[in-house]
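Here the structure is laid out as C-alpha cells; the discussion comes afterwards.
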Amino acid sequence: MPVPRLSSAFALALLAACFLTGCGSEPRSVKAANPVKAVTDRRPAPEFALKDADGKTVRLEDYKGKVVLLDFFATWCGPCKIEIPWFMELERKNKDKGFSVLGVSMDDEGWEVVKPFLADLGVNYRVVIGNDATAQIYGGVDALPTTFLIDRNGKIAAVHIGLASKKVFEDGIEQLLQDPGGIIKDNADASRGMALPAFSPRTNTK
Amino acid sequence: MGEPQKVAGKRNAVLQVKIPVTVKEGYHVNSNQPSEEYLIPLKLTWTAMGALEGGTVTYPKPALEKYEFSEQPLSVYTGGFLLVANFKVAANAPAGPGAATGKLRYQACSNRACYPPKTVDITVSYQVQ
C-alpha cells in the first residue's frame, strides 16, 4: 500500500522540540550540593511586562529586593503539575521572608484555560500570561517546566529545565534568602558583577 | 526519503492510506485518547480532500506508560507507528491526479519535560483512474 511521506517531517519537528535540551531526557538541573551559582557567575534576569489575571501589568523590577522563583509552565504540562504544589508550599513558607513565586503560563489559549487551572489547584501566587518574546529573552524557553531562581539583585542564580527535585528548590531558596542581597563589597566584585543586559530595561509586551 | 507513492483507485473505490509516524527515542506523544483531560491528544484532521471522501483516521492501540511526573500510566505512542486514513473516491471524481492535505497535531514529552504542541502538514497524493 503506497504511503505518503511524513516521518522525516515529523522527525524534524521532534528534533526542533528537543533542541534546547540537547535531545536528552534528563533536565539540566543544578545539583543539590550547589543549588545556586556563585554571585560572580550570575547574569541579570531580563526585564518583562506581562499581565496578571486582573489585567495588571507585572514587571520583574516590581520584585527588586526579593528572591523570586520564576516558573514557566503550561496547563497541558504534566511535570509542571508536579512542581506547582511545591511552589505553593514555598510561597506559603517564605513569603514573609522576602520571597515570591511568579508563574508564567505559556498557554496559547490564555486566561480561558489558565484561570480554571489555577482555581482547581488553589494556586496562591501571582501568574502572568507569557509570550514568545519573553520566552526568547529568557534563552528560548521551550521545554516546560523551566524555572529560574532570581536573587535579591535581580540576577539569575539557578535555572532548572524540566522536572527538578523539591529539595533543590528548597536549598536554593534558603541560600538566596540567607544572602543579604549579594551586596558588592569591593571594586573587584563590582567589575565582575556589572554585566549589563543586552536589551532595554523595560520590555513592552502584551 | 523518496517521494511517496501515489494512491490510486477508480470512482467509488475504497482507499486506505498508511501514514508512518516516528517519535524520537526518549520521547512520547499523547495518544488520540489521553489518560487525562488536560493532555493534548494526537489528532489528524483533513483541510482539503479533493476527489476523496471520508478521511476517518484509525489510530493504533496506544501503550500505557508510567512516567516520573504522572501518578497513573499515560496513554501514549512511542517509536514508530502507523496512522491509517480511510477514504472513498467520489462517484463523480474527475480522472487524474489530486492531493488531500491535512494537519497532524501532537504534543511531546520526555520523562521530565514537555514541549509545546506542534502541527505538521500531511499530503496524500492520489490518482483517479
Rounded to whole Hz, the Karplus (6.51, -1.76, 1.60) HN-Hα couplings of segment B:53-60, x for glycine and proline
10, x, x, 4, 10, 9, 9, x
Provide the per-residue ³J(HN,Hα) series for segment B:107-124, in order, calculated from phi with Karplus coefficients 6.51, -1.76, 1.60 and θ = phi - 60°, each as a whole number of Hz, with x at glycine and proline positions.
9, 10, 9, 9, 6, 10, 9, 10, 10, x, x, 10, 10, 10, 7, 10, 10, 10
R0 = 22 Å: FRET efficiency of B:E36 with A:K167, Cβ-based, nearest 0.05?
0.25
Calculate the spin-label point distance for A:L177 paired with B:E25, positioning each point 7 Å from the Cα along the beta-carbon direction, and give it in nanometres.
4.4 nm
Inter-site label distance for A:A38 and A:V113 at 7 Å from Cα along Cβ, in nm:
4.3 nm
Could you calculate the FRET efficiency of A:A133 with B:R11 from 1/(1 + (r/R0)^6), where r is the beta carbon distance between them and R0 is 45 Å, rounded to 0.05?
0.30
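Could you tell me which of the pairs A:K56/B:K103; A:K93/A:K166; A:K66/A:K167; B:K18/B:K118; A:K64/A:K93; B:K18/B:K66 are separated by over 25 angstrom between their Cα atoms in the structure shown? All intermediate terms of the calculation are to be shown ahead of the outcome.
Details: A:K56/B:K103 37 Å; A:K93/A:K166 14 Å; A:K66/A:K167 20 Å; B:K18/B:K118 21 Å; A:K64/A:K93 19 Å; B:K18/B:K66 28 Å.
Pairs exceeding the cut-off: A:K56/B:K103; B:K18/B:K66.
How big, in percent, is the set of alpha carbon pairs in segment B:49-129 lying more than 22 Å apart?
On the way: 1410 of 3240 pairs.
Of all Cα-Cα distances in segment B:49-129, 44 percent exceed 22 Å.
Which order do A:D151, A:D171, A:D96 fall in if you start with the one that has the fewest other Cβ atoms within 10 Å? Mind dumping the intermediate values first?
Working: A:D151 24, A:D171 19, A:D96 7.
Result, fewest neighbours first: A:D96, A:D171, A:D151.
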Considering chain B as a Gaussian network with a 10 Å cut-off on Cα pairs, which listed residue, B:K103, B:K61, B:K43, attains the greatest mean-square fluctuation?
B:K61
Could you give me the ³J(HN,Hα) list for segment A:108-124, computed from phi with Karplus coefficients 6.51, -1.76, 1.60 and θ = phi - 60°, whole Hz, x at Gly and Pro?
5, 6, x, 4, 4, 9, 6, 4, x, 4, 5, 5, 5, 8, x, 4, 10
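Read-outs throughout are calculated quantities, based only on the coordinates presented, and are distinct from any laboratory measurement. What you see is a predicted model; the values in this text were computed from it and never measured. Heads up, the Cβs are rebuilt from the backbone with ideal geometry, glycines too, and the neighbour counts pull from every protein chain shown.
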